[in-house]
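Novice: Here's a structure for you.
The values are calculated or read from the model by the stated rules, or taken from the named source; none is laboratory data. This is a predicted model, so every value here is computed, not measured. Methodologically, a virtual Cβ is constructed for each residue, glycine included, from the backbone with ideal geometry; neighbour enumeration extends over all protein chains shown.
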Amino acid sequence: MSELKGLVYKSTGSWYIVKDEAGKLWNARVKGKLKIDEDISSTNPIAVGDVVVCNVEEKEEGIATIKSIAPRNNYIVRVSPHNKNQKHIVASNLDAALVVATIAEPRTSSGFIDRFLITAEAYHIPAIIVINKTDLLQSKHMEQLLHWQQVYTDAGYEVYPIIALQPDTITTLSDRLKGLTTLFSGHSGVGKSTLINQLIPGVSLRTQEVSGWSGKGQHTTTFAEMFDMPDGGKIIDTPGVKEFGLIDFEKEELAQYFPEMRRVMQQCRFNNCLHINEPGCAVKQAVNDESISIDRYASYMTILDTIEKKW
Ligand SMILES: Nc1nc2c(ncn2[C@@H]2O[C@H](COP(=O)(O)OP(=O)(O)OP(=O)(O)O)[C@@H](O)[C@H]2O)c(=O)[nH]1
Ligand SMILES: [Mg+2]
Ligand SMILES: [Zn+2]
């Protein structure tokens, strides 16, 4: 039986689209026992971005069965919003993780952005922040935009304010993503698919009006799917998420996932400092002299509290 090696472009949970090295697309299923190196006990054994080995079942129809998954360079996992004990692999083998946020229609909270950034930090995947729909911003929203730009740039992140509907606003971002495999995440209705449609002319992803009465998106995209960019690179579109549930970690670890805290925490007097109100805390000092944003510190404290409760 002939074999093929390919990359998972789409996963519905029961079947997958795999692109082989020659660029041919296969419809693949898992049959029998899957060979898998690491067991991260997720609800989905195979994710978009996985490199897989398949048996060819029917060559003409392009049907294959997945036999094994190559070891992943990395992956992003999120906790299921329905069951805190279940994890879902969002995607694997990523070069970057991008969050699309909006200040209006719908509104993204800074807590959501921070939890996304923490997850990316925890998996050592560089994070990029895109603020979309800047055409809709009134003056009070403009202040919020400038504030986010300041806070996240100071923390060490790249921030790209864009209007996904206007191609001339996305050229810098497009150059940045060239050659990379990038995961797109964000609430439903923030414009992930609209942005991908601009970055990849001709892809025509379905997009939808944000429903007027709730201000919430409609979940137009239902499965994660990867797309090739015309000048190299790949983008993974994902369904909108309500909440970015954090994976388990110890409260001592949390500050490491805030790059601006990571930079100063070696100078805390105690090496088990949680940066709450311990004497000689370099993080608190940095917050006091405003080199660390009070908003990011407040976010840290809120998240720390949720970790304490869990244990
Ligand atoms: N005014 C304005 N509207 C935009 C912009 N970007 C996207 N939209 C609109 O926002 C709505 C939702 O866009 P989608 O691209 O479907 O959003 P999504 O993030 O893919 O949503 P899900 O697939 O549900 O996760 C559509 O009606 C878009 O036309 C923008 O920059 N400005
Ligand atoms: Mg979409
Ligand atoms: Zn400290």
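Novice: Has region 117-137 got at least one residue that is farther than 23 Å from Asp50 by Cα and in a loop (DSSP other than H, G, I, E, B)?
Specialist: yes
Novice: Going by what's in this entry, would Ile128 be described as at pLDDT 95 or above and aliphatic (A, V, I, L, M)?
Specialist: Spelling it out, Ile128 is indeed at pLDDT 95 or above and aliphatic (A, V, I, L, M).
Novice: Do you know which residues across region 120-143 are crowded, with 17+ Cβ neighbours inside 10 Å and among the polar types (S, T, N, Q)?
Specialist: Residues satisfying the conditions are Asn132, Thr134.
Novice: Does region 249-257 contain any residue that is over 27 Å from the mean Cα position of the chain (by Cα), among the charged types (D, E, K, R), more than 25 Å from Thr153 (Cβ to Cβ) and more than 16 Å from ligand 2 (Cβ to nearest atom)?
Specialist: No - not one qualifying residue is present in region 249-257.
Novice: Count, please, the residues in region 184-238 that happen to be at positive phi and modelled with pLDDT of 90 or more.
Specialist: 5
Novice: In region 248-294, which residues are of a type in the set (Asp, Glu) and out of contact with any helix residue (DSSP H, G or I) (no Cβ under 6 Å at 6 or more places or on another chain)?
Specialist: Asp248, Glu250, Glu252, Glu253, Glu278, Asp289, Glu290
Novice: Filter region 1-19 for residues that are more than 14 Å from Asp228 (Cβ to Cβ) and without any contact (Cβ under 8 Å) to a residue 24 or more places away in the chain and give the result.
Specialist: Correct list: Ser14, Trp15.
Novice: Kindly indicate whether Ser299 is farther than 30 Å from Asn85 by Cβ and polar (S, T, N, Q).
Specialist: Here the answer is no, as Ser299 does not meet what is asked.
Novice: Ok, one more. What residue, of Arg269, Arg296, is of a type in the set (D, E, K, R), part of a loop (DSSP other than H, G, I, E, B) and either surrounded by 15 or more Cβ atoms within 10 Å (Cβ to Cβ) or near ligand 3 (Cβ under 9 Å from one of its atoms) (or both)?
Specialist: Only one candidate passes the filter, namely Arg269.
Novice: Could you please find all residues in region 69-85 being of a type in the set (S, T, N, Q) and either touching a Phe, Trp or Tyr at 6+ places or on another chain (Cβ under 8 Å) or surrounded by 15 or more Cβ atoms within 10 Å (Cβ to Cβ) (or both)?
Specialist: Of everything in region 69-85, just one residue is of a type in the set (S, T, N, Q) and either touching a Phe, Trp or Tyr at 6+ places or on another chain (Cβ under 8 Å) or surrounded by 15 or more Cβ atoms within 10 Å (Cβ to Cβ) (or both), namely Asn74.
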